[in-house]
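So the structure is just underneath, and the comments pick up after that.
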Amino acid sequence: MITDDPGTPGDRKWEINLAIAFEHRSDETAYDLPAIDLNYGVGERIQLTLQTAPVLLKRNDRGPIGGLGGTEAALKWRFLDQETNGFDLSMFPRVIFNVTQSSVRRGLAEDGTRFQIPFQIARKFGPWHADAEFGPLATSVGRSEWLYGIVGGVDVAKPTMLMAELHGTSRMNFTRDTLTLNFGWRHKINEHAIWIASFGHELRAPEQEALALIGYCGVQLLY
C-alpha cells in the first residue's frame, strides 16, 4: 500500500519488494519496470531502506521514453511495540532525490530533493489490522506539504489479507489536496515469498490535473 506501517524485517534480515507498477492519466501512462524496494533490518526495531525504479513513460502525442525515476533512502525506527504498549509506533524519515537530472527534464521524475518525516501507528484486533501515517513533506522546489494515510485490513484466510486505504497529500494549509482510494491484496506463498498487489484511483486532485488510476503487482521476498 502507499501508507507505510511500523513493521521491520528483523535483525540482519532482508525484505525485498519487486513489482510492476503503473500510473495512468488521461494523457499519459507511466510504468515502473520494476519498482525496487530494498529493506534491511538492523536489530529488531531499525530498518534501512533504498527504493528506485526504471520508468517507462508513454504520452498520447509521442512515443515512449525511459530512464531512472526518483530514488529514496530512508531509515525506520519502531520505538513502541504492541506487545508492551498496546500498539506499534514508528518514525520513517527519508530523502527522495534524482540520480540523474535528465529524468527531470524528460518528465520521468519530480524536480528537486524532497524530505519526509512521517510517523506510523498500527494495531491488530484479532483478524483485523489498522495502520495510519502522518507527517510533513518538505521540498527544495515548490511548497511543503502534509502526507497522510489510513489502512484497514482483514485476514480472510490464514495466508491471505485484504486491505482498503485512503491516502493523501495537501499543502500545509490543507489546500490543493490529492486523495487516493486504494485496495490491496497480500497472500503468503511460503516462508520466503508473499504475493502483493493493489489497485486504486484518485478521488481528488489539484485543479487542472487529471485524476490518476494506479496499480501495483509483485512479490515480497523475505530471508
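The values are calculated or read from the model by the stated rules, or taken from the named source; none is laboratory data. These figures come from a predicted structure and were not determined experimentally. Because the Cβ atoms are built from the backbone with ideal geometry, glycine has one as well, and the counts that use them run over all protein chains shown. Surface accessibility is based on the protein's heavy atoms, side chains included, excluding ligands, DNA and RNA. Shrake-Rupley method; radii C 1.70, N 1.55, O 1.52, S 1.80 Å.
If the condition is being in contact with an Asp or Glu (Cβ under 9 Å, 6 or more places away or on another chain), of a type outside the set (A, V, I, L, M) and on the phi < 0 side of the Ramachandran plot, then the range 125-144 contributes Pro127, Trp128, His129, Asp131, Glu133, Pro136, Thr139, Ser140. Glu133 meets all of the listed conditions (1) open to solvent by less than 40 Å² (accessible area, probe 1.4 Å); (2) among the charged types (D, E, K, R); (3) not in a strand (DSSP E or B) but one, namely (3). In the set (1) touching a strand residue (DSSP E or B) at 6+ places or on another chain (Cβ under 9 Å); (2) within 25 Å of Gly200 (Cα to Cα); (3) loosely packed, with under 14 Cβ neighbours inside 10 Å, the condition left unmet by Gly126 is number (2).
Could you list, in sequence order, all residues of the range 189-207 that are closer than 17 Å to Lys13 by Cβ, open to solvent by 90 Å² or more (accessible area, probe 1.4 Å) and either assigned to a strand (DSSP E or B) or of a type in the set (Asp, Glu) (or both)?
Of everything in the range 189-207, just one residue is closer than 17 Å to Lys13 by Cβ, open to solvent by 90 Å² or more (accessible area, probe 1.4 Å) and either assigned to a strand (DSSP E or B) or of a type in the set (Asp, Glu) (or both), namely Glu191.
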